[in-house]
Amino acid sequence: MKVLIAYYSMYGHIHQLAQAMEEGAQSVAGVEVQLRRVPETLPDAALEKLGAVEAQKRQTQVPICAMNHLGEADAIIFGTPTRFGNMCGQMRQFLDATGQLWMKGALVGKVGSVFTSSNTQHGGQESTILSFHTTLLHHGMVIVGLPYTFQGQMTMDEISGCSPYGASTIAGGDGSRVPSENELAGARFQGEHVAKIAKKLMS
């Protein structure tokens with residue numbers, strides 16, 4: 001069984017969550033996990049002005065995601081930063097190119113799940129995931145979130161991302177905050193949960 005983690009990460013926060021998702025999914029027996037990043041749409045000059053060049057270099061070992069990767073997967077976990085309460089443009093452009101998969105019904109019945117990040121605690125994490133679900137529903141996917149059996153999302157001891165819709169992290173206004181252990185634990189839990197649900201659907 002194949003689980004695909006398809007993500008975009010400008011500054012590395014989503015990349016770190018994606019790696020934790022990968023760990024979680026790989027913990028389920030018989031699961032093959034593919035980590036893929038969606039294509040960049042910004043020119044190098046723009047990335048340099050945004051201070052994202054170093055973070056992009058750290059991800060060069062992750063292969064670029066192609067449409068056939070989506071069709072071959074049994075479950076897909078998407079990761080995107082928030083952009084004004086919605087997915088980033090790079091992810092939107094990638095999904096807008098999935099028309100042929102939609103026409104074939106290639107993703108119908110497959111598990112779909114989403115994780116995200118934002119600069120601030122209330123910077124659109126939940127709306128980003130929920131609005132992302134609309135695209136997954138149009139593809140006929142079975143949506144899986146992050147259930148409350150992950151006790152970490154009930155914490156009151158620290159500022160933390162994660163909600164029943166999916167794992168998330170808070171990057172801070174200047175992007176200096178890295179995912180906390182609680183947020184990474186949420187991502188691992190979600191990756192494992194998605195893999196287990198997908199195996200049940202295939203049995």
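The values are calculated or read from the model by the stated rules, or taken from the named source; none is laboratory data. Fair warning: this is a prediction, and the values are worked out from it, not measured in the lab. Here the Cβ positions follow ideal geometry from the backbone for every residue, glycine too, while neighbour counts run over all protein chains shown.
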Review point. For the stretch 156-185, what are the residues that are hydrophobic (A, V, I, L, M, F, W, C), surrounded by fewer than 21 Cβ atoms within 10 Å (Cβ to Cβ) and assigned to a loop (DSSP other than H, G, I, E, B)?
Key: Met156, Ile159, Val178
**Study point:** Test: Arg188 is in a loop (DSSP other than H, G, I, E, B), of a type in the set (Lys, Arg) and touching a helix residue (DSSP H, G or I) at 6+ places or on another chain (Cβ under 9 Å)
**Key:** no
**Study point:** Close pairs from the stretch 44-57: first closer than 17 Å to Tyr7 by Cβ, partner among the hydroxyl-bearing types (Ser, Thr, Tyr), Cβ under 8 Å, at least 6 apart
**Key:** Ala52/Tyr11; Ala55/Ser9; Ala55/Tyr11
**Study point:** Pairs with Cβ under 7 Å, 6+ apart, first in the stretch 106-118 and under 16 Å from Leu201 (Cα atoms), second at pLDDT below 95
**Key:** Val111/Leu201
Point to revise | From the options Leu107, Leu146, Leu136, residue that is modelled with pLDDT of 95 or more, of a type outside the set (D, E, K, R), in a helix (DSSP H, G or I) and crowded, with 17+ Cβ neighbours inside 10 Å | key: Leu136
Review point. If you scan the stretch 161-203, which residues turn out to be more than 17 Å from the chain's Cα centre (by Cα) and among the hydroxyl-bearing types (Ser, Thr, Tyr)?
Key: Ser176, Ser203
Check your understanding: Counting only residues that are touching a strand residue (DSSP E or B) at 6+ places or on another chain (Cβ under 8 Å) and of a type in the set (A, V, I, L, M, F, W, C), which one in the stretch 96-124 is farthest from Ala198 (Cα to Cα)?
Key -> Phe115
Review point. Out of all the residues in the stretch 134-153, is one or more among the hydroxyl-bearing types (Ser, Thr, Tyr) and within 21 Å of His13 (Cβ to Cβ)?
Key: no
